[in-house]
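Input: a single structure, listed below in structure tokens.
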Amino acid sequence: MTRVICLASGKGGVGKTTLSSNLALALNDFNKRVMVIDTNLTTPNLGFHMGIPLYPKTFHDLLRGEAYPEEATYIHPSGVSIIPAGISIDDLKKTDPKNMDNVILDLVGDHDIILLDGAAGLGKEGLASIKAADELLIVTNPELPAVTDALKTVKIAEEMGTHILGVALNKHRNRPSELSVSEVEALMGYPVISVIPNDNDMQDSLAAKTPIVSHRPNSAASHEIKKLAGNLVGIDYQPPVQARASGLFSKIFNFLK
Ligand SMILES: Nc1ncnc2c1ncn2[C@@H]1O[C@H](COP(=O)(O)OP(=O)(O)OP(=O)(O)O)[C@@H](O)[C@H]1O
Ligand SMILES: [Mg+2]
């Protein structure tokens, strides 16, 4: 059975696309058949994160009934299937997201997991991707505006009956000014199932159009994302001993600093 998981937030820029692209590759490494869809119709950029060339048919065409799924599906070198969105203003103006759940229902079957890279906020397209999913992964940052905005998304998803997997707390800097994991859990009412560090290598990965789990597989962020991917499919991922040791050294180093 195909699981459809939407990555959603309230606030923009918290890391949904970064996580969608990385989780897709990490789940693929766990031998899952994965598809990732750019359901962010107004500001799509999954293609940039994954290095997809401009694609003739896109998710916008699928929503308008102007393409078959095979025509809009790009096969990444890793084997992950990707449906990018159109980036033109024209695409945006001509496309209504209201049919998104039916279009995604048609794609179910060939994959173990379909990840939906959602739009920020609770506009029509954000709501459509939550409606199209069975499960929701909330992505947020450890700051009050991001968490309070995420809370609104959670409430709407609860009303829709979507199963909430938990919270991925991204861009964690371990600063006293940040909300702690327990504060985020208390505010959200759901467990934080992953804490992903703020990592400057993310910018390099974006520039290289290669998600960090592939570009810098031994970074702390990569190991945390692989752990999250394992968690989603019941696999206990353990970072190699060397990586755990270097994580410990960097903690001691930061403490001494
Ligand atoms: N853990 C991280 N450490 C450092 N930078 C990060 C991290 N996660 C994401 N970023 C950076 O934050 C920026 C926004 O990330 P991303 O595009 O994934 O967010 P988004 O939630 O999809 O945004 P939008 O709401 O616009 O769709 C990007 O420049 C990305 O490289
Ligand atoms: Mg995005």
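The values are calculated or read from the model by the stated rules, or taken from the named source; none is laboratory data. Remember, it's a predicted structure, so these values are computed and weren't measured experimentally. In this analysis, Cβ positions are derived from the backbone assuming ideal geometry, glycine residues included, and neighbour counts consider all displayed protein chains.
Quickly run through region 1-35 and pick out the residues that are part of a helix (DSSP H, G or I) and either over 8 Å from the mean Cα position of the chain (by Cα) or of a type in the set (D, E, K, R) (or both). Please lay out each step first, then the result.
Taking region 1-35 as the starting set, the residues that turn out to be part of a helix (DSSP H, G or I) are 16-29.
Result: Lys16, Ala24, Leu25, Ala26, Leu27, Asn28, Asp29.
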Starting from region 101-129, take each residue that is in contact (Cβ under 8 Å) with a residue 60 or more places away in the chain and list its partners that are among the charged types (D, E, K, R) and within 16 Å of ligand 2 (Cβ to nearest atom), counting only C-beta distances under 7 angstrom and pairs at least six apart or across chains. Asp117/Lys16; Asp117/Asp38; Gly118/Lys16; Ala119/Glu125; Ala120/Lys11
How about region 178-228: which of its residues are among the small types (Gly, Ala, Ser), surrounded by 15 or more Cβ atoms within 10 Å (Cβ to Cβ), away from ligand 2 (no atom under 16 Å from the Cβ) and over 21 Å from Ala150 (Cα atoms)? Ser214, Ser219, Ala220, Ala221, Ser222
Odd one out for Gly86 among (1) assigned to a loop (DSSP other than H, G, I, E, B); (2) modelled with pLDDT of 95 or more; (3) buried (at least 23 other Cβ atoms within 10 Å of the Cβ): (2)
In region 102-150, the residues that are closer than 23 Å to Leu27 by Cα, of a type in the set (Asp, Glu) and surrounded by 15 or more Cβ atoms within 10 Å (Cβ to Cβ): Asp112, Asp117, Asp134, Glu135
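Here's the yes/no breakdown for (1) out of contact with any His (no Cβ under 6 Å at 6 or more places or on another chain); (2) at pLDDT below 95; (3) under 21 Å from Gly47 (Cα atoms); (4) of a type in the set (A, V, I, L, M):
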site: Lys98; (1), (2), (3), (4): yes, yes, no, no
site: Asp110; (1), (2), (3), (4): yes, yes, no, no
site: Asn141; (1), (2), (3), (4): yes, no, no, no
site: Leu144; (1), (2), (3), (4): yes, no, no, yes
So if I check each of Val181, Val192, which one is within 16 Å of the chain's Cα centre (by Cα), at pLDDT 95 or above and more than 25 Å from Ile82 (Cα to Cα)? Val192
For region 29-40, what are the residues that are in contact with a helix residue (DSSP H, G or I) (Cβ under 6 Å, 6 or more places away or on another chain) and within 11 Å of ligand 2 (Cβ to nearest atom)? Asp38, Thr39
Can you confirm whether region 54-76 contains a residue that is more than 15 Å from Glu125 (Cβ to Cβ) and within 16 Å of ligand 2 (Cβ to nearest atom)? no
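In this structure, does Thr140 turn out to be β-branched (Val, Ile, Thr) and more than 15 Å from ligand 1 (Cβ to nearest atom)?
It is false that Thr140 is β-branched (Val, Ile, Thr) and more than 15 Å from ligand 1 (Cβ to nearest atom).
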Looking only at residues in region 4-49 that are farther than 21 Å from Pro97 by Cβ and of a type in the set (D, E, K, R), which one is nearest to ligand 1 (Cβ to nearest atom)? Asp29
